Amino acid sequence: MTEDCLSNFRWCIENDFQVYVKPINYSGNFKVAIRKGGITTSGKDSFYCKIKQTTIYSSETLGSKLYKNQKLAMKVLPSVYKYLRETYE
């Protein structure tokens, strides 16, 4: 992993973006998923914080491109990190 890619990855974590590869049903295909709020909610749709007595929500967005296997989908993750950083920074 290059230093630039690592920097973009860290930025995503610090800004509460969880980026991962998700299997699509049992087809053997995969898509890239982005979950805003995913770090705070541990990848769940919601998380109840007892200290603050509030529920924190996250939202998942699936990419439009379908990949034939997980390895191909994993190769595009660095470009997704870069895209998120450039878009939301």
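The values are calculated or read from the model by the stated rules, or taken from the named source; none is laboratory data. Given the structure is predicted, the values throughout are model-derived calculations rather than measurements. All Cβ positions, even for glycine, are placed from backbone atoms using ideal geometry, and neighbour counts span all protein chains on display.
Values computed for the structure shown
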| read-out | value |
| --- | --- |
| Some residue of region 64-81 being polar (S, T, N, Q) and crowded, with 17+ Cβ neighbours inside 10 Å | no |
| Residue match in region 46-57 (condition: under 23 Å from Leu77 (Cα atoms), surrounded by fewer than 12 Cβ atoms within 10 Å (Cβ to Cβ) and not aliphatic (A, V, I, L, M)) | no |
| Asn8 vs. criteria surrounded by 12 or more Cβ atoms within 10 Å (Cβ to Cβ), within 21 Å of Leu66 (Cα to Cα), of a type in the set (S, T, N, Q) and at pLDDT 90 or above | no |
| Filter result (over 12 Å from Phe17 (Cβ atoms), at pLDDT below 95 and among the charged types (D, E, K, R)) within region 46-89 | Lys50, Lys52 |
| Strands (runs of 3 or more DSSP E) contained in region 15-89 and holding at least 1 residues without any contact (Cβ under 8 Å) to a residue 60 or more places away in the chain and acidic (Asp, Glu) | 59-62 |
